[in-house]
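Peer 1: So that we are looking at the same thing, I have put the structure below in structure tokens.
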Amino acid sequence: MKIYLVRHGETDWNLSSRIQGQTDIPLNENGRKQARELSGAVREKGLLLDRIYTSHMARAKETAEIAGQDLGIEIRVLEGVHEINMGEWEGYTWPQVREKFLGEYGKWYVNRRYQIPPGGESYEQLLHRVVPAIRKAASESGEACLVVTHSAVIMTLLSYLNEKPFEDMAKNFKTKNTELVELGEDMMRILARKIL
């Protein structure tokens, strides 16, 4: 069993480096183009997908719908794989957050796994909904499935599975829009036995 994670296509907030979190920003035209190219990448790699799952958020769902239609695979919303809630920081750039929320940002920066941004959720809280969702997708699928999700979801899950510091997630596991990330059989075995 393999799961392929993919970050949604580009949005205007990606272009302006704004923190999206759970603000439901749609794809831009380039993001739609990337979604069409995603189906080509799936074919080129010879991936035989049983299912396509998606976050319920507009940018992920539209990415999945475009790719799924081209591949002839129906999509299903998978609860729990939506983006992290960054609370009051959403809509700002990281330099703006550092300036406007200096105290809260400083605490979060050195303890990202457990520290909660004002009005948001921690990466640990994110893990507690993402891990069961990915396990559910694995249990329902055959050989392979695709999960269209978000940057923080992918970086958090990979940091957890590879036992890497959450403070280094962007350095270690940053993903581009519509980049495919494979969770192979080894990773799936780790996921199955790890206890949160």
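Peer 1: Only one of (1) within 23 Å of residue 15 (Cα to Cα); (2) out of contact with any Leu (no Cβ under 6 Å at 6 or more places or on another chain) is not met by residue 79, so which one is it?
Peer 2: Of (1) within 23 Å of residue 15 (Cα to Cα); (2) out of contact with any Leu (no Cβ under 6 Å at 6 or more places or on another chain), only one is false for residue 79: (1).
Peer 1: Can you run down the residue pairs with Cβ atoms below 6 Å, 6 or more apart or on separate chains, where the first is in region 140-168 and of a type outside the set (Phe, Trp, Tyr) and the partner is part of a strand (DSSP E or B) and modelled with pLDDT under 95?
Peer 2: That search, which allows pairs on different chains as well, returns 144/2.
Peer 1: Among the residues of region 107-124, is there at least one that is within 28 Å of residue 67 (Cα to Cα) and touching a Lys or Arg at 6+ places or on another chain (Cβ under 9 Å)?
Peer 2: We begin by selecting, within region 107-124, every residue within 28 Å of residue 67 (Cα to Cα); these are none.
No, region 107-124 contains no residue that is within 28 Å of residue 67 (Cα to Cα) and touching a Lys or Arg at 6+ places or on another chain (Cβ under 9 Å).
Peer 1: Also, quick follow-up: Within the bounds of region 30-51, is there any residue that is within 21 Å of residue 156 (Cβ to Cβ) and touching a residue at least 24 places away in the same chain (Cβ under 8 Å)?
Peer 2: Residues of region 30-51 that are within 21 Å of residue 156 (Cβ to Cβ), as a first pass: none.
Checking region 30-51: not a single residue is within 21 Å of residue 156 (Cβ to Cβ) and touching a residue at least 24 places away in the same chain (Cβ under 8 Å).
Peer 1: Mind listing whichever residues of region 110-145 are over 17 Å from residue 2 (Cβ atoms), surrounded by fewer than 19 Cβ atoms within 10 Å (Cβ to Cβ) and among the basic types (Lys, Arg)?
Peer 2: 113, 129
Peer 1: I need every pair where a residue in region 86-109 that is part of a helix (DSSP H, G or I) has its Cβ under 9 Å from the Cβ of a residue that is of a type in the set (Phe, Trp, Tyr) and open to solvent by 70 Å² or more (accessible area, probe 1.4 Å), sequence separation at least 6 or different chains.
Peer 2: Short answer, once both residue conditions are applied: 98/109; 105/94.
Peer 1: Do we have any residue at all in region 151-169 that's of a type in the set (Phe, Trp, Tyr) and within 23 Å of residue 11 (Cβ to Cβ)? Spell out how you get there, then give the answer.
Peer 2: Residues of region 151-169 that are of a type in the set (Phe, Trp, Tyr), as a first pass: 160, 166.
Right, trim to within 23 Å of residue 11 (Cβ to Cβ) and you get none.
Checking region 151-169: not a single residue is of a type in the set (Phe, Trp, Tyr) and within 23 Å of residue 11 (Cβ to Cβ).
Peer 1: Check 93, 178 and return the single one that is under 12 Å from the mean Cα position of the chain (by Cα), within 22 Å of residue 57 (Cβ to Cβ) and among the polar types (S, T, N, Q).
Peer 2: Numbers: 93 fails: under 12 Å from the mean Cα position of the chain (by Cα).
The conditions single out 178.
Peer 1: Quick check on region 126-150: of everything there that is touching a strand residue (DSSP E or B) at 6+ places or on another chain (Cβ under 7 Å) and among the hydroxyl-bearing types (Ser, Thr, Tyr), which residue is nearest to residue 11 (Cα to Cα)?
Peer 2: Taking the candidates together, the pick is 149.
Peer 1: How many residues does region 1-60 hold that are at pLDDT below 95 and either touching a Gly at 6+ places or on another chain (Cβ under 7 Å) or surrounded by 24 or more Cβ atoms within 10 Å (Cβ to Cβ) (or both)?
Peer 2: Counting residues in region 1-60 that are at pLDDT below 95 and either touching a Gly at 6+ places or on another chain (Cβ under 7 Å) or surrounded by 24 or more Cβ atoms within 10 Å (Cβ to Cβ) (or both) gives 2.
Peer 1: Filter region 61-76 down to the residues that are among the β-branched types (Val, Ile, Thr) and touching a strand residue (DSSP E or B) at 6+ places or on another chain (Cβ under 6 Å), then identify the one that is least open to solvent (accessible area, probe 1.4 Å). Walk me through how you get there before you give the answer.
Peer 2: Step one: of region 61-76, the residues among the β-branched types (Val, Ile, Thr) are 63, 66, 73, 75.
Adding the requirement that they be touching a strand residue (DSSP E or B) at 6+ places or on another chain (Cβ under 6 Å) leaves 63, 73, 75.
Details: 63: 0, 73: 35, 75: 39 Å².
Within region 61-76, the match that is least open to solvent (accessible area, probe 1.4 Å) is 63.
Peer 1: Within region 118-125, can one find any residue that is closer than 22 Å to residue 74 by Cα and at pLDDT 95 or above? Spell out how you get there, then give the answer.
Peer 2: First pass over region 118-125, keeping only residues closer than 22 Å to residue 74 by Cα: none.
No - not one qualifying residue is present in region 118-125.
The values are calculated or read from the model by the stated rules, or taken from the named source; none is laboratory data. Computed from a prediction, not measured in an experiment: that's the story for all the values here. FYI the Cβ positions are ideal-geometry reconstructions off the backbone, even for glycines, and counts take in every protein chain you see. The area values use the complete protein model at the heavy-atom level, side chains included, leaving out ligands, DNA and RNA. Shrake-Rupley method; radii C 1.70, N 1.55, O 1.52, S 1.80 Å.
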